[in-house]
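No value in this document is a laboratory result; all are computed from the given coordinates. All figures in this text were calculated on a predicted structure; none of them were measured in a lab. Neighbour counts run over all protein chains shown; Cβ positions are idealised from the backbone, glycine included.
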Amino acid sequence: MKMLSRSRRHYLARFSFFLITLALMTGIAGCSGSIIEYDLAIASTTGGLVATPGVGTFACATGTVVNLEAKPEAGYHFVAWTGDVSTVADVNDATTAITMDSDYSIIASFAFGPQYIPMVAAGGYHTMGLKVGGTMVAAGYNSAGQCNVGGWTNIIQVATGYGHTVGLRANGTVVAVGHNIYEQCNVGNWTDIIQVAADGYHTVGLRFDGTVVAVGKNISGQCDVGDWTDIIQVAAGGYHTVGLRANGTVLAVGNKESGQCDVGDWADIIQVAAGEYHTVGLKANGTVVVVGDNTYKQCYVGSWMNIIQVAAGEYHTVGLKSDGTVVVAGYNIYGQCDAGGWTDIIQVTAGHGHTAGLKSDGSVVAVGHNTYGQCDLSGWNLN
């Protein structure tokens, strides 16, 4: 075997020492924090999964923008990202991103039921449309900004008062715009809301636990709902509030002068609606009961059958039949009751002096008072 010369061996030794020193220096530099990593822990609630990047704990270099995508299972919808969400771009968007500058733990929250179902809501002199994507369209009178909903997103239900508009977001919070002299739009601190109602000058919210909150004008006690429990749906009238209990009975508070709160003997009710001075209840057998002011025959619904949804305007009552046609009773000075020829309707709403209906193809029809263009909805498609 050929032996290396002394000078050759000396060179190799020096070169090896250099490599070892370089490796040690690199290791020290790494430990000194030139590349900082943070942990991102991701979990999900029942009803969905995190498709990107998945569920688990991920090591991410500082400044990394991690894409997030949550997908609900059938029958569920995405609610929000919760937990350490200070750097999440949009907590209400299932597809968003988080910027890593610390250790974070986030949860994709899902809830049972559909998320975005299109609907229409008729107010005093304005009409709102909720689109499938959770955004809004509006038509009509906008003196107090009640139609300024162009920037709303993730809305799952909308309600309208005389001059204000209320939107329920998928995460259970509520937004409101419009007339606020009675603080009917002061809903910014509401949470865990699953349904909203509005009329006149007050706003009502149903919470997940079956309790109820209300803000706005309370001259008749229409906001005195703090002790209600076991409620599954609420309705707001001109000066009264109605609550449907899980057992099919009904509660009401507020103005009683016309008997609109005389609902104590109602049973087997599956939906309620409230007008200016009357209250409407849909029974499980498809018939309808009404109490309150009947000056304009808005309570003449005794012959109605096969009704699947009801709505109440100021002085008129609307019923949606199982075959997609509509029946209306009450004040008709503006033609708000002229919906007899409608077909293929899947939801109805009644305003101060107009009536609107959502068709199965996403288009909207309307009749009645139209001074402010609240019935000019022919171009709408909410699907």
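Observations on the model:
- Helical contribution to [θ] at 222 nm, DSSP H n ≥ 4, -39,500 (n - 2.57), averaged over the chain, rounded to 500: -2500 deg cm²/dmol
- Residues D103 and D361, FRET efficiency given R0 of 56 Å [Cβ-Cβ distance, rounded to 0.05]: 0.70
- At R0 = 45 Å, FRET efficiency that the Cβ-Cβ distance of N148 and L49 yields, to 0.05: 0.80
- Angle of helix 6-31 to the longest C-alpha principal axis of the chain, folded into 0 to 90 degrees and rounded to 10: 20°.
- Our summary gives segment 119-368 a relative contact order of 11 percent, counting only alpha carbon pairs under 8 angstrom and 6 or more residues apart.
- Lysine pairs meeting the criterion (Cα under 18 Å, 8 or more apart or interchain), as found in segment 119-368: 4
- Short-range pairs are left out: with C-alpha atoms under 8 Å and at least six residues apart, the relative contact order of segment 134-251 is 16 percent.
- Centre separation in Å (Cα based) which lies between segment 190-267 and segment 310-348: 23
- Protection proxy ranking of 327-340, 80-93 - average other beta-carbon atoms within 10 Å, highest first: 327-340, 80-93
- Annotation for D227 and A74: the two label points, set 7 Å from Cα along the Cα-Cβ direction, are 4.7 nm apart.
- Förster radius 41 Å - calculated FRET efficiency between I181 and S303, Cβ distance, rounded to 0.05: 0.50
- Taking a point 7 Å out from the Cα of I117 in the direction of its Cβ, the residues of segment 143-178 whose backbone N falls within less than 12 Å of it are 156-158.
- Value of Rg to Rh for the chain (Rh from inverse mean 1/r over Cα pairs, i.e. Kirkwood): 1.26
- Range of Cα positions in segment 313-383 per principal axis (Å), largest first: 30, 27, 16
- If you wrap the tightest convex hull around every Cα atom of segment 37-112 and split its volume per residue, you get 63 Å³.
- Under the simplified labelling scheme, the Y38-T371 pair shows an inter-label distance of 5.6 nm, with each label point 7 Å from Cα along Cα→Cβ.
- Extents of segment 114-263, largest first, come to 38, 32, 24 Å (Cα atoms, principal axes, whole angstrom).
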